Amino acid sequence: MGLFSRLMGKGEASKAEPEVEQVDYNGFKIQPSPLKQNSNYVTAGYIRKMDEHGEMKEHYFIRADTHADFETACKHAVFKGEQIIRESGEQVFDRK
């Protein structure tokens, strides 16, 4: 493997995380999408909902919480997504 490939994160040393299922919650979909940061994972994900016109609305969230493993970060992202939905509802899509 060439130096350029290693620098760009391609090859054997870089392993993609498994695809994570969306979670349905009160008519919304939560897609965990933790970010790898050094040896930890940062809580992040998407909240999505189809509007009355058939268009998908989406809100990306990221939190400062870090976790030692991918699965725990996914579970926490779902928890945070549910919390955001409870607190904001449809207004989550109005945020910039």
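The values are calculated or read from the model by the stated rules, or taken from the named source; none is laboratory data. Bear in mind the structure is a predicted one, so any value in this text is a computation, not a measurement. Methodologically, a virtual Cβ is constructed for each residue, glycine included, from the backbone with ideal geometry; neighbour enumeration extends over all protein chains shown.
H76 - would you say it is at pLDDT 95 or above and assigned to a strand (DSSP E or B)?
Values: at pLDDT 95 or above: yes; assigned to a strand (DSSP E or B): no.
In short, no.
If you scan segment 38-60, which residues turn out to be hydroxyl-bearing (S, T, Y) and touching a helix residue (DSSP H, G or I) at 6+ places or on another chain (Cβ under 7 Å)? Working first, answer last.
At the first step, the residues of segment 38-60 found to be hydroxyl-bearing (S, T, Y) are 39, 41, 43, 46, 60.
The answer is Y41, T43.
Within segment 47-96, can you find the residues that are β-branched (V, I, T) and either surrounded by fewer than 17 Cβ atoms within 10 Å (Cβ to Cβ) or free of Cβ contacts under 8 Å to residues at least 40 places away in the same chain (or both)?
Result: I62, T66, T72, I84.
Output the residues belonging to segment 17-38 that are at pLDDT 95 or above, polar (S, T, N, Q) and over 24 Å from G89 (Cβ atoms). Matches in segment 17-38: none.
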